[in-house]
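Here the structure comes first, spelled out in structure tokens, and everything after it is commentary.
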Amino acid sequence: MDSKSFQTLNELFLQAIERSPKRDVFLSKSAGRYHGISSREVLSTVAALARAFDAMGVRAGDRVALLAENRVEWTIADCAILGLGAVTVPLYSTLLEDDIEYILRDSGSKGIVVSTQDQLQKVLTVRSRLPDLLSFVVVMDPAGGGNRDVRSWKDVVEQESAREPDPVEFLRTRALAVHPEDTATIVYTSGTTGVFKGVVLTHANIVSNVRACGQLFDFGASDVAMSFLPLAHIFERMTDFYYLARGVSIAYAENLDSLPQNLREVRPTLMVVVPRLLQKIREKVAEEVQHLPPAKQRLFRWAVDTGRQYFPYEVGGRTPPVGLRLKRALASRLVFGKIRGQLGGRFRMFISGAAPLGRDLAEFFFAIGIPVYEGYGLTETSPVIAVNSPRAVKLGTVGRVISGVEVKLGEEIEDSEGRTGQEILVRGPNVTPGYYHQDERNGEAFADGWFRTGDLGRLDSDGFLAITGRKKNLFKTSGGKYVSPEKLEHLFQGHRYVAQLVVLGDARKFVGALVAPNFDALEAYAREQRIEFTTREELVANAGIRAFMQQQVDQACRHLPPHERIRQIVLLPREFTIGGGELSATLKVKRPVVEERYRNLIEEMFSRRPPGTPEAVSSRR
């Protein structure tokens, strides 16, 4: 990748489409199968849509919202908006009407592109409350309802494609007039706090990340990537621009439920993921192994153990002993090949971000022959700050800081057992110029030119960055001891019986946790123990099950200092979900939502007597 060949996302797009034409730039599923979309078709559609937006009054600097699930039209609409010098405002498809209204109002969006009739209905419901905004609405799926202000994607594109002169020349002229410092997008993120803020990112911000990642990963025209994480999140979106720049074909997953089938249909080689998705894959493997005969279960355990012994040689660039190489080849043929086959059989790697990746989970995928390279970043940093790569990897860290970006560590936060970490400060071409018209918040976010991430970390002697917690999530028990909830929660990533766990204990006398069990495994255990239940509510209320799960938690925490151990738990009858409002779009727990929703259960938990105390404790100091 020539780092000087493009300075804006528009230049990246035009060069990728025109210099290296492909029959399958994108892969989209329709009529039951995936089909390729050529460079020529992509360019003509983007150009036609851009000229249509221009005819609707969109000018450079105007904001245009995009409310859709991952699909090829998402990327085409994004490129068309950017091509006019306008600003894309992506909205997560899971947002409720009030959130959509807030973002449209705050951004001052001139128009919006939506995907389905369901998304269209959300917009039409709030549109009457936005009289000076949304002069147009374009819907990707066939429009219905006879609303004169709603235009069909198909009609718009066909109409503009038939007009003279050629819309491609129109697009090229407008797109190349955009400057690197111009705003490309405003990404509204509530993270885990529930408070929306618009992160301004320029063309130069995102391009700098594409360039830096291009120095670390060797992707090319023979690769096929599965686009699964929300394109409304900058992690997937930046990565897709990187794929485009490197000539990688991009396939769009239908949804989470269809993902396993989509992987087998497309057989991708690359994919960016969040740890929760990897955890679900491993849980599925464990569930299937559990039903195998004892001899095959032993074979699986032997194979994984062999893989764990083998991969450090690969990572370290060393030659494994002959005997280990032979055992690894046998394990791959008998066991790992079948697991990889369920994922399409061609994966070269996963790149994990958006949440911390547990070391044990990473080791499992390295062991079976699909390396997972963990990185770290924020929406405000476009997003990558540091990342492991085939050129330099150290499990348990988020890699080395990428080229052009600087990191320094702020004030140390210590507890009685030692250092908890230091706040990570960052500056570089990837850092946002600020939050959209929020001067007070911008003043708090920057210190002497450094962006304050709010995350705690350490840099080792080899330059690898490790994340130790989130500054604002760090809490102090009533005994004055600091506890990092992330540190404890990571212990249960990939745990056989724990799907999700949220650690609590601010100003409390001990640490507690809400636990959403892995119900497939827990229900199997209950049947083995002849524990009767008809619903999950009955299962988690059973005293024997509660004692068993506390034992699992105690075992995982046995090596921790006493003040960090999880003394009491509450079992929940269901997992946290995006639809339920407890998870962000990248599957991170929204702590304020969870704490409010389960307030009564939390108070009951902290009213109990923790093990080893002579009398009951109060729920608060």
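Structure summary
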item	result
Residues of the range 169-190 satisfying the condition of being among the small types (Gly, Ala, Ser) and either closer than 20 Å to Asn205 by Cα or more than 18 Å from the chain's Cα centre (by Cα) (or both)	Ala175, Ala177, Ala184
Number of positions in the range 245-295 that are closer than 15 Å to Pro230 by Cα, in a loop (DSSP other than H, G, I, E, B) and either in contact (Cβ under 8 Å) with a residue 60 or more places away in the chain or over 21 Å from the mean Cα position of the chain (by Cα) (or both)	4
Condition broken by Val25, with the remaining ones in (1) in contact with a Ser or Thr (Cβ under 6 Å, 6 or more places away or on another chain); (2) surrounded by fewer than 22 Cβ atoms within 10 Å (Cβ to Cβ) satisfied	(2)
When residues of the range 383-426 are limited to those that are of a type in the set (Asp, Glu) and out of contact with any Phe, Trp or Tyr (no Cβ under 6 Å at 6 or more places or on another chain), the one modelled with the highest pLDDT	Glu406
Residue check, Arg40 in a helix (DSSP H, G or I), in contact (Cβ under 8 Å) with a residue 12 or more places away in the chain, assigned by TED's automatic domain parsing to the domain that holds Asp257 and among the basic types (Lys, Arg)	yes
Lone unmet requirement of (1) closer than 19 Å to Tyr92 by Cα; (2) surrounded by 21 or more Cβ atoms within 10 Å (Cβ to Cβ) for Leu244	(1)
Condition met for Gly61 (closer than 22 Å to Ser135 by Cβ, in contact (Cβ under 8 Å) with a residue 40 or more places away in the chain, over 22 Å from the mean Cα position of the chain (by Cα) and in the same structural domain as Ser135 (by TED's automatic domain parsing))	yes
Among the candidates Leu124, Leu201, Leu133, residue that is modelled with pLDDT of 90 or more, under 18 Å from Leu91 (Cα atoms), aliphatic (A, V, I, L, M) and in a helix (DSSP H, G or I)	Leu124
Within the range 553-569, tally of residues that are crowded, with 16+ Cβ neighbours inside 10 Å, in a helix (DSSP H, G or I) and touching a Lys or Arg at 6+ places or on another chain (Cβ under 8 Å)	2
Selection from the range 64-96 of residues that are touching a strand residue (DSSP E or B) at 6+ places or on another chain (Cβ under 7 Å), assigned to a loop (DSSP other than H, G, I, E, B) and either of a type outside the set (Gly, Ala, Ser) or not assigned by TED's automatic domain parsing to the domain that holds Ile234 (or both)	Asn70, Arg71
Residue match in the range 141-153 (condition: crowded, with 18+ Cβ neighbours inside 10 Å and assigned to a helix (DSSP H, G or I))	yes
Residue in the range 382-403 that is in contact with a strand residue (DSSP E or B) (Cβ under 8 Å, 6 or more places away or on another chain) and among the basic types (Lys, Arg) present	yes
Residues that are surrounded by 15 or more Cβ atoms within 10 Å (Cβ to Cβ) and either touching a His at 6+ places or on another chain (Cβ under 9 Å) or farther than 22 Å from Thr185 by Cβ (or both), drawn from the range 421-451	Gly421, Gln422, Glu423, Ile424, Leu425, Trp450
Some residue of the range 461-473 being at pLDDT 90 or above, surrounded by fewer than 21 Cβ atoms within 10 Å (Cβ to Cβ) and not small (Gly, Ala, Ser)	yes
Restricting the range 572-594 to residues that are part of a helix (DSSP H, G or I) and surrounded by 15 or more Cβ atoms within 10 Å (Cβ to Cβ), the residue that is modelled with the lowest pLDDT	Arg591
Residues of the range 492-527 satisfying the condition of being among the aliphatic types (A, V, I, L, M) and either outside the structural domain of Ala543 (by TED's automatic domain parsing) or touching a Gly at 6+ places or on another chain (Cβ under 8 Å) (or both)	Val503, Leu504, Val511
Test: residue in the range 319-329 that is out of contact with any strand residue (DSSP E or B) (no Cβ under 7 Å at 6 or more places or on another chain) and in contact (Cβ under 8 Å) with a residue 60 or more places away in the chain	no
Some residue of the range 568-581 being within 23 Å of Leu491 (Cβ to Cβ), outside the structural domain of His233 (by TED's automatic domain parsing) and in contact with a Phe, Trp or Tyr (Cβ under 6 Å, 6 or more places away or on another chain)	no
Selected residue [touching a residue at least 60 places away in the same chain (Cβ under 8 Å) and either assigned to a helix (DSSP H, G or I) or more than 23 Å from Gly479 (Cα to Cα) (or both)] from Ala507, Ala524	Ala524
Some residue of the range 285-306 being of a type outside the set (A, V, I, L, M, F, W, C), touching a helix residue (DSSP H, G or I) at 6+ places or on another chain (Cβ under 7 Å) and within 16 Å of Ala367 (Cβ to Cβ)	yes
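Yes or no, residue by residue, for (1) on the phi < 0 side of the Ramachandran plot; (2) assigned by TED's automatic domain parsing to the domain that holds Thr397; (3) in contact (Cβ under 8 Å) with a residue 24 or more places away in the chain:
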site: Glu423; (1), (2), (3): yes, yes, yes
site: Val431; (1), (2), (3): yes, yes, yes
site: Phe446; (1), (2), (3): yes, yes, no
site: Thr453; (1), (2), (3): yes, yes, yes
site: Val483; (1), (2), (3): yes, no, yes
site: Leu488; (1), (2), (3): yes, no, yes
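The values are calculated or read from the model by the stated rules, or taken from the named source; none is laboratory data. On a predicted model such as this, the values are computed, not experimentally measured, just so you know. Methodologically, a virtual Cβ is constructed for each residue, glycine included, from the backbone with ideal geometry; neighbour enumeration extends over all protein chains shown.
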